[in-house]
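Contents: one structure, followed by commentary.
The values are calculated or read from the model by the stated rules, or taken from the named source; none is laboratory data. Bear in mind the structure is a predicted one, so any value in this text is a computation, not a measurement. Because the Cβ atoms are built from the backbone with ideal geometry, glycine has one as well, and the counts that use them run over all protein chains shown. Note: areas computed on protein heavy atoms with side chains; ligands, DNA, RNA excluded. Shrake-Rupley method; radii C 1.70, N 1.55, O 1.52, S 1.80 Å.
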Amino acid sequence: FWSLGIGWNLHHEGFLAGNNWLENFKLRASMGYTGTQNVDPAQARFRYEYYDYSYGDMIGAQLVALANTKLKWQRVLDYNIGTDIAIKRFLTLRAEYYIQKTDNLLSDVSLPASTGFANYKENLGVIENKGYELALSVTPWRNDRQRAYVTLTATALHNSNKIKKIYDIFKNSNEEQNASLSEGYDSSTGPMTPEIAKKYVGKLTKPATLYYEGCSMDAIWGMRSLGVDPATGSEMFLTKDGKSTFTWSAAEQVVVGNTTPKLRGSFGINAGYKGFTFSVACSYKLGGDLYNSDLIARMENVTGLENLDRRLMKGWKQPGDIAPYKKIYVMGNNMDLAEMTRPTSRFVQKNNELYISTVNVGYDFSGAWMKKAALQRLKLSFYMNELLRVSSIDIERGTSYPFARNFSFSLQATF
């Protein structure tokens, strides 16, 4: 693992001499390799652990994990160019563009439970990430006498990834996942009950994690949807060669979305005046996609074992209905799994989000009375989080994971 870098402090050059407003202006570039340390060594070699119990007067040892003696280092080759600019106490800017090429990317491979282990480590292939980062801080107003200031901050990050090379073991994994999505139910084992059908919901309706060369690791796979047929209430699909069909097929899946946002970051404001302080921190995501599997669980593939969503009334009911949701099948006895909603572009939604994460209001006391009270500092603060979330998607959180807003007061005293 090696690296090298170069930088040029332009603010020290003669042609910028005398500009007392420019505190820092640096151009930099670097390249080099980094590795991965947070991998259990048992993933690459056999290792046993002894326990404080015995059998036949002998201490027992247990295999920690299945080893992979062919496992290789995950190495990341980074190329980075950037600039740092600081203008007095007014502005700081950090900007950089990067290319990351990951060789022998480490990933988990699932195993049958009969092996005694859930997964083992394997090298996936070669991944390339490209993107840029921006961080800006501006203080348009400052008055030291009145302990007053206003500072605006913002960050932005864009990243895209692409699989450049995939190893054979993960090509086989793609085939296995596609096969599982096409799975049916063997009626010879008994009738299909709602309890049995419920076990298939998560397995058959969520997009598989597929890896193909030239595609993103964050791609969402499914069949392209033509919507709900007004005549029958069934979903219509579009095949790879542009033909319409009512039959869902794993072989006809294409990339229907990507979970990586086009842009994400944060922004905020920090202000103060004569001891009063105020700050707001926000985050945002723009341009990414989300597969709304929670919405499917409420509107389609309904088991009938839980309370029903009132939005079911928007589903298709009779010929001629123009509806966003197809004909509802409540999973009863002998239900055909073919009626389940499989991965489809119909439930891929743009995931644009604005999140006001924290708000903090405080007052820093000052005055001669503090010395008489032997106080170096006394500050009162009020803090709120999870204040507001605005999203292009109606969040399907239910009661199992509700939003939690916290409000707190604090008093800090230093003697």
Subject >> Theoretical ellipticity at 222 nm over the chain - DSSP helices of four or more residues, -39500 (n - 2.57) apiece, nearest 500 >> reply: -2500 deg cm²/dmol
Original post:
In whole percent, what relative contact order does the chain give with Cα contacts below 8 Å and a gap of six or more residues?
Top reply: 11
Original post:
For Glu23 and Ala95, what is the calculated FRET efficiency with R₀ set at 22 Å and r taken between the beta-carbons, to the nearest 0.05?
Top reply: 0.85
Original post:
Once the other residues with Cβ under 14 Å from the Cβ of Lys243 are scored (Lys, Arg +1; Asp, Glu -1), what is the net sum?
Top reply: 0
Original post:
Share of the chain's accessible area from carbon and sulfur, percent, 1.4 Å?
Top reply: 55
Original post:
On average over all directions, what projected area in square nanometres does the chain have, based on the convex hull of its Cα atoms?
Top reply: 34.2
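Can you give the FRET efficiency to the nearest 0.05 for Thr247 and Phe409, using r as the Cβ-Cβ distance and R₀ = 51 Å?
Efficiency for this residue pair is about 0.25.
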Subject >> Listed residue (Gly275, Ser107, Gly125) projecting farthest to the positive dipole end of the chain, Cβ model >> reply: Gly275
**OP:** Would you check the accessible area of Val390, probe 1.4 Å, heavy atoms only, in square angstrom rounded to 10?
**Re:** 80
Subject >> Accessible surface, 1.4 Å probe, highest first, among residues Glu386, Glu23 >> reply: Glu23, Glu386
Subject >> 17 Å Cα-Cα reach of Lys88 towards lysines, excluding residues that sit fewer than 8 places from it in its own chain >> reply: Lys26
Original post:
Rolling a 1.4 angstrom probe over the protein heavy atoms, how many square angstrom per residue are accessible across the chain?
Top reply: 60
